[in-house]
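Everything below concerns the one structure shown next.
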There are 2 protein chains.
Amino acid sequence: MRVAEEAAERNRNVLAYSDYVAIAKRAPAGAAVLRGDITVAIRNAVMNELAEVGYGRLSIEAVARRAGVGKTAIYRRWGNKLEMVLEIVSDVAGRSVPLPDTGTFAGDLQLIMMIVRRALQHRIASQIIPDLMAEAARNPQIAETLQKALHTHQQAVGDKLVGQAVSRGELPEGTDPQIAVDLILGPLYWRLAVSRTPIDDDHLDKLIAAVAAALRVTATQ
Amino acid sequence: MRVAEEAAERNRNVLAYSDYVAIAKRAPAGAAVLRGDITVAIRNAVMNELAEVGYGRLSIEAVARRAGVGKTAIYRRWGNKLEMVLEIVSDVAGRSVPLPDTGTFAGDLQLIMMIVRRALQHRIASQIIPDLMAEAARNPQIAETLQKALHTHQQAVGDKLVGQAVSRGELPEGTDPQIAVDLILGPLYWRLAVSRTPIDDDHLDKLIAAVAAALRVTATQ
DNA sequence: CGTCGATGGGACGGCTGCGTACCGACGTCC
DNA sequence: GGACGTCGGTACGCAGCCGTCCCATCGACG
């Protein structure tokens, strides 16, 4: 126990020390505080650079050049490339996307698919998302972050959409929300992010009708 | 016509010249011919390296190291990184995939989806394909090659599948083969290459049923 | 059996990027 | 109004990669 106590003591000391520093050494102020406009410039630069060259080729140097700042400004905010990208991306992905409730299943479905289409047609998003997805297959850290930022949210939307439809009697009980998500997002993602063919309104309507029909049979074994 | 003839003449000359060289200068022989085993080693190294680090980070040096050859051996076979990757990948993608005809639409559909599932569960394929897809969004050369290697083939399969089913009366006339492809490949790709969740037989059956239902309504409206 | 000629490998120059150390500038606190 | 402490930028050492040049090796041809 002696050792453990000493370790704890050391930890306490470290924490206490940082507090002490914060109090005793006078809080940073004046020119000694991170400039918000520079942070914004860096964030934008990262997103654009990510879209243009991808995560694999992303270089801090290029980000700094594009943002018009020194590398130090970046390293002062984030520890390294991965940390920076994850923080920025998950921040962007974190906002957004209200869960739909239009009153009918058909309405909800149409709304979701239009939202997703819009999102995947966004110039930057349609570049960054597939890139990070591919990268996630190699980098567990990225995978975990994307999981949190996207997958969790997806599932929530799927559960809600299906739950509402079932309770309204518009979908059979036992409909699998996971398959629902696959059927809703899969074709859109394939079309827009992989095959990269645009989807016009007419096409989207057909797709919505098809997906709706598909969902209706997922419960029957 | 004078100019065109001269151009043709020049082309003939060029071709004749290379033939002349091949004949007059004695064909390469002995140790002066590309070693097949080294070519194979490089090809494998490229595929593995591609899967591990992606196209963006792929380095000739790493490929050479992994293959246990010198960089020169690589540059002697291909002009540069892009050319090498495109040749190797499209060669691999070029083989494969017999068009299905099991006699029934349900059978064809099931067969296709099982083939695709198998393909997308392949360790290397499931890494390389999304990676190159993402890269294709930036690099027109890659996009074009993938288009040739995959998209064209896809469309052929879609056309055939739908055509057969329509002529058998299993699908309504006017069914859109393009939407069919989206509905078939989209959910599978999403699941296996993006969301990276495995698909068991039970799940696949449900998916097949759902897709079949979806296809049946794509003609209406 | 010697000649021939391209091969594969090693080494090189130039370049780019990473992460750190130093330095003057700056604005708030006391 | 002076002192303080962190800011952002430039400069640096180090490492990895690209594409090329040079050379010894090798094996079929004649």
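The values are calculated or read from the model by the stated rules, or taken from the named source; none is laboratory data. Note that the structure is predicted; figures quoted are calculated from it, not measured. Here Cβ is always computed from backbone atoms with ideal geometry, including for glycine, and neighbour counts include all displayed protein chains.
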B:ALA62 being within 14 Å of chain A (Cβ to nearest Cβ), over 22 Å from the mean Cα position of the chain (by Cα) and either more than 16 Å from DNA strand D (Cβ to nearest atom) or surrounded by 14 or more Cβ atoms within 10 Å (Cβ to Cβ) (or both): yes
Residue in region B:124-140 that is more than 18 Å from A:ALA134 (Cβ to Cβ) and within 13 Å of another protein chain (Cβ to nearest Cβ) present: yes
Unique match (being part of a helix (DSSP H, G or I) and within 16 Å of DNA strand C (Cβ to nearest atom)) among B:ALA62, B:ALA125, B:ALA106: B:ALA62
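Is region A:111-118 home to any residue that is within 13 Å of DNA strand C (Cβ to nearest atom) and within 14 Å of chain B (Cβ to nearest Cβ)?
Checked region A:111-118: no residue is within 13 Å of DNA strand C (Cβ to nearest atom) and within 14 Å of chain B (Cβ to nearest Cβ).
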Qualifying position, being surrounded by fewer than 17 Cβ atoms within 10 Å (Cβ to Cβ) and within 30 Å of A:ARG138 (Cβ to Cβ), among B:THR145, B:THR152: B:THR152
Pairs with Cβ under 9 Å, 6+ apart, first in region B:77-92 and within 14 Å of chain A (Cβ to nearest Cβ), second among the polar types (S, T, N, Q) and within 16 Å of DNA strand C (Cβ to nearest atom): B:LYS81/B:SER59
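Would you mind stating whether B:ARG138 is closer than 20 Å to A:ASP176 by Cβ, surrounded by 17 or more Cβ atoms within 10 Å (Cβ to Cβ) and not acidic (Asp, Glu)?
Taking the combined requirement at face value, the residue does not satisfy it.
Take the residues in region A:198-221 that are without any contact (Cβ under 8 Å) to a residue 24 or more places away in the chain and facing chain B (nearest Cβ under 8 Å); name whichever of them is farthest from A:GLY169 (Cα to Cα).
Restricting attention to region A:198-221, the residues satisfying the condition of being without any contact (Cβ under 8 Å) to a residue 24 or more places away in the chain are A:200-203, A:205-206, A:209-210, A:213, A:217, A:221.
Narrowing the set further to residues that are facing chain B (nearest Cβ under 8 Å) leaves A:203, A:205-206, A:209-210, A:213, A:217, A:221.
Numbers: A:HIS203: 27, A:ASP205: 22, A:LYS206: 23, A:ALA209: 18, A:ALA210: 19, A:ALA213: 15, A:VAL217: 14, A:GLN221: 18 Å.
Filtering first and then ranking leaves A:HIS203.
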Single condition B:VAL69 does not satisfy, out of (1) away from DNA strand D (no atom under 16 Å from the Cβ); (2) among the β-branched types (Val, Ile, Thr); (3) more than 14 Å from chain A (Cβ to nearest Cβ); (4) surrounded by 14 or more Cβ atoms within 10 Å (Cβ to Cβ): (1)
So A:LEU146, is it closer than 30 Å to A:MET84 by Cα and in a helix (DSSP H, G or I): yes
Hits in region A:151-196 (condition: more than 8 Å from chain B (Cβ to nearest Cβ), farther than 21 Å from B:THR197 by Cβ and outside any helix (DSSP H, G or I)): A:GLY169, A:GLU170, A:LEU171, A:PRO172, A:GLU173
Candidates B:VAL181, B:VAL194, B:VAL211, B:VAL162, filtered to the one that is at pLDDT below 90 and in contact with a helix residue (DSSP H, G or I) (Cβ under 6 Å, 6 or more places away or on another chain): B:VAL194
Residues of region B:72-83 that turn out to be near DNA strand D (Cβ under 6 Å from one of its atoms) and farther than 24 Å from B:PRO130 by Cα, as a count: 2
Subset of region A:65-99 (residues that are in contact with a helix residue (DSSP H, G or I) (Cβ under 7 Å, 6 or more places away or on another chain), of a type in the set (Lys, Arg) and not in a helix (DSSP H, G or I)): A:ARG77
Residue match in region A:84-98 (condition: within 20 Å of B:ARG57 (Cα to Cα), surrounded by 17 or more Cβ atoms within 10 Å (Cβ to Cβ) and within 10 Å of DNA strand C (Cβ to nearest atom)): yes
Residue in region B:78-97 that is more than 30 Å from B:GLU170 (Cβ to Cβ), at pLDDT 90 or above and aromatic (Phe, Trp, Tyr) present: yes
